[in-house]
Amino acid sequence: MAIITLTTDFGYKDHFVAGIKGTILNEVPNANIVDISHAVSPLDVQECAYILKNAYPYFPNGTIHIIGMDSEVSPENQHIAAELNGHYFIGANNGVISLIAKELNLDQLVEINIPNTSINSFPSMEIFTKVASHLARGGKLGVVSKPFKNLKEIRELEPRVTNDGRTIIGNVIYTDNYGNVVTNITKAIFEAYRNGRAFEIIARRQKITSIHNSYNSIINFELPENKRLGPSDLLALFNSSGYIELAIYKSDLKSVGGASTLLGLKHLDMITINFL
């Protein structure tokens with residue numbers, strides 16, 4: 001059974017997500033359609049790439065990923081498909097695929113070329129589903145495409161190492177549903193420069209001097225409850241994707257707030273690590 005995933009900024013108010021699914025099921029009735037996210041911030045290419053690149057490796061090889069974002073075709077925003085790491089990605093040439101493939105070589109990159117298709121405002125349903133359905137039936141990309149080499153490349157903001165290796169300056173790259181903020185500082189970079197030294201993470205006026213591997217490891221269960229750190233306390237951790245993340249333990253962005261609102265952190269704000 002073919003697996004087709006959907007990652008879009010469509011939300012759920014409108015008919016778009018249902019329309020895509022219905023179109024696929026008309027073509028491939030036994031398709032397994034999986035929603036990765038439909039809550040990507042509108043037209044936020046880097047957020048879309050972050051979500052998809054951290055989700056797709058959990059799917060089996062051969063999975064087909066439709067990217068529904070900024071997909072109206074133009075001479076500078078072609079419809080493309082790529083084969084990468086055993087997976088297929090279908091979307092527009094807007095930078096998402098280049099961000100996903102940053103550290104990997106594309107096995108195949110093509111421009112979608114389906115005869116007798118009209119240009120309209122909903123290519124995710126009219127074009128991308130046709131390619132996905134064709135692949136799901138065992139078809140080859142070459143049948144619905146032509147060669148393409150002009151992948152639009154967008155580079156992620158990389159952390160900077162300064163002060164003779166004693167300081168790493170990074171940025172917020174993602175805010176999750178809980179208001180936790182993800183930085184672009186990876187565990188690998190942090191450990192490469194730490195060399196066993198103590199450190200401080202500075203986020204606006206806050207300083208953090210430890211990093212955890214899980215959220216509840218902030219709690220010292222050997223202490224009485226009234227003396228423990230716990231809900232509403234700030235922590236840093238290595239998240240499941242290998243990035244340093246700042247979180248408020250058991251926060252609720254919609255009520256008491258999360259790290260993003262309580263610390264006043266937004267996309268691209270600076271996070272500094274000093275090794276002492």
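Just one of the listed residues (L253, L229, L246, L237) is hydrophobic (A, V, I, L, M, F, W, C), at pLDDT 95 or above and touching a Phe, Trp or Tyr at 6+ places or on another chain (Cβ under 8 Å), namely L237.
Residues in the stretch 122-144 that are among the aromatic types (F, W, Y) and surrounded by fewer than 20 Cβ atoms within 10 Å (Cβ to Cβ): F122 only. Screening I168 against (1) over 24 Å from S37 (Cβ atoms); (2) at pLDDT 95 or above; (3) not assigned by TED's automatic domain parsing to the domain that holds I244 leaves a single unmet condition, (3).
Counting the residues of the stretch 78-104 that are among the polar types (S, T, N, Q), over 19 Å from Y58 (Cα atoms) and without any contact (Cβ under 8 Å) to a residue 60 or more places away in the chain gives 3.
If the condition is being in a strand (DSSP E or B) and surrounded by 14 or more Cβ atoms within 10 Å (Cβ to Cβ), then the stretch 145-159 contributes only S145. Taking the criterion of being over 29 Å from P57 (Cα atoms) and either touching a Leu at 6+ places or on another chain (Cβ under 9 Å) or of a type in the set (D, E, K, R) (or both), the residues of the stretch 233-256 that qualify are D233, L234, K254, V256.
Filtered by the rule that a residue be charged (D, E, K, R) and under 16 Å from the mean Cα position of the chain (by Cα), the stretch 87-112 gives K102, E103. Only helices (runs of 4 or more DSSP H) whose full extent lies in the stretch 7-109 are considered here, and the ones with at least 3 residues that are outside the structural domain of S240 (by TED's automatic domain parsing), surrounded by 21 or more Cβ atoms within 10 Å (Cβ to Cβ) and not acidic (D, E) are 45-55, 96-100.
Just one of the listed residues (A101, A81, A92, A55) is within 26 Å of L157 (Cα to Cα) and at pLDDT below 95, namely A101.
Among the numbered conditions (1) in contact (Cβ under 8 Å) with a residue 24 or more places away in the chain; (2) over 30 Å from E111 (Cβ atoms), the only one that E156 does not meet is (2).
The values are calculated or read from the model by the stated rules, or taken from the named source; none is laboratory data. Computed from a prediction, not measured in an experiment: that's the story for all the values here. Reconstructed Cβ throughout: ideal geometry from the backbone, glycine too, with neighbour counts over all protein chains shown.
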